[in-house]
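Undergrad: Could you have a look at this structure, given as structure tokens, before my questions?
Read the figures in this text as sums done on the coordinates, not as results from a lab. On a predicted model such as this, the values are computed, not experimentally measured, just so you know. Please note: Cβ atoms are built from the backbone with ideal geometry, for glycine as well, and neighbour counts cover all protein chains shown.
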Amino acid sequence: MAVHGPTPLLPLGPDSPIHPTTPYGKSKADGEAAVRRALSDSATRWAILRPVLVYGPGNPGNLARLAGIVRRGIPIPVSRCPNQRSFLFVDNLVDLIKTFLSAVAPPSGRTWPVADRERLSTEHLVRVLAASHGRRGRTLHLPWTLLHATARLGDFFNHLGLSVPWSSEVLSKISGDFFVDVDSLNEGLGWEPPFTLEEGMRRTFPPTVGRQTTPEIPPHEGMNRLK
């Protein structure tokens, strides 16, 4: 999704403009362009997938760090205005790829953003992560100005070599708005994510041994055909 730049118009869809601003984003855009040049006039059926933040068992990164903070019972600062964020369970991504590869005549030359069907606010995400450890999620409702100030303080400590879990990067990637429209995948390929976001989170962050989980959000049923 880095091809869209840091502040794209939301929700992101197949036709959303690209505006990469980092070497990483530009390399992704160049890769997409190379695929189009190589395959557009061929008989090969192809598609470009743009997944949002992918999570799954053993995943590193900001989501794992957030889970660690929640597990220790540290309150998570969140905005007073709920945000919306898209995530993607790795098994849903694998299922989509299998669906495209096994289709008799899948749509070719399409570009699809990929995400779980649901969107979460940071506060909702904290509750899901806390439930997997038998805890009640703790959040602090703060104005954005204060959130940014605390994130800059984390940047300062990290710059000094003191590792802290809260920074501007974590704030932007976890607490900001970033969501996509996945209806085009259902319309073009007939695909729906087999796992709900809550199911994916439970599989990614399983219950801590010796603790009784108390999920605050009941799981959806009938969406686990990959078992």
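Undergrad: Based on DSSP H runs of at least 4 residues, each adding -39500 (n - 2.57), what is the mean residue ellipticity at 222 nm of the chain after dividing by all its residues, to the nearest 500 deg cm²/dmol?
TA: Roughly -11000 deg cm²/dmol at 222 nm, from the helical runs in the chain.
Undergrad: Using modelled backbone amide H atoms (1.01 Å from N, in-plane), which distant-in-sequence or interchain residues come within less than 5 Å of VAL180's amide H?
TA: For VAL180, whose amide H was placed from the backbone, the distant partners under 5 Å are LEU12, SER86.
Undergrad: Short version: ³J(HN,Hα) in whole Hz for each residue of the range 55-69, in order, from phi by Karplus 6.51 cos²θ - 1.76 cosθ + 1.60 (θ = phi - 60°), x for Gly and Pro, what are they?
TA: Taking θ as phi minus 60°, the curve returns 10, x, x, x, 5, x, x, 5, 5, 5, 5, 4, 4, x, 5 Hz for the range 55-69.
Undergrad: I would also like to ask the following. Amide H neighbours of ASN83 under 5 Å, counting only residues 5+ apart in sequence or on other chains, H built in-plane at 1.01 Å?
TA: Amide H to amide H, under 5 Å and 5 or more residues apart or across chains, ASN83 pairs with THR122, GLU123.
Undergrad: On a 0 to 90° scale, report how tilted helix 90-102 is relative to the longest principal axis of the chain, with both axes built from alpha carbons and the result rounded to the nearest 10.
TA: Roughly 10 degrees, rounded to the nearest 10.
Undergrad: Quick check on the exposure proxy: order SER167, SER102, SER86, SER172 from fewest to most C-beta atoms within 10 angstrom. Walk me through the numbers before you get to the answer.
TA: Values: SER167 22, SER102 8, SER86 26, SER172 14.
Ordered by Cβ neighbours within 10 Å, fewest first: SER102, SER172, SER167, SER86.
Undergrad: Name the residue, out of ARG119, ARG152, ARG85, whose mean-square fluctuation peaks in a Gaussian network model built on the chain with Cα pairs under 10 Å.
TA: ARG152
Undergrad: For the range 144-157, take each phi angle, set θ = phi - 60°, evaluate the Karplus expression 6.51 cos²θ - 1.76 cosθ + 1.60, and give the result in whole Hz per residue in order, putting x for glycine and proline.
TA: 4, 4, 6, 4, 5, 5, 5, 5, 5, 5, x, 4, 5, 5
Undergrad: Evaluate the charge dipole of the chain about its Cα centre and quote only its size in Debye, nearest 20, assuming +1 on the Cβ of each Lys and Arg and -1 on the Cβ of each Asp and Glu.
TA: 720 debye
Undergrad: In Å and whole numbers, how far do the C-alpha atoms of the range 1-64 stretch along each principal axis, longest first?
TA: Largest to smallest, the principal-axis extents are 42, 28, 23 Å.
Undergrad: Suppose a student asked you for the relative contact order of the range 2-201, using Cα pairs under 8 Å spaced at least 6 residues apart; what percent would you report?
TA: Details: 301 pairs, mean separation 58.3, N = 200.
RCO, the range 2-201: 29 percent.
Undergrad: Hey, what angle do you get for helix 23-39 against the long axis of the chain, alpha-carbon based, 0 to 90 degrees rounded to 10?
TA: Its long axis makes an angle of about 20 degrees.
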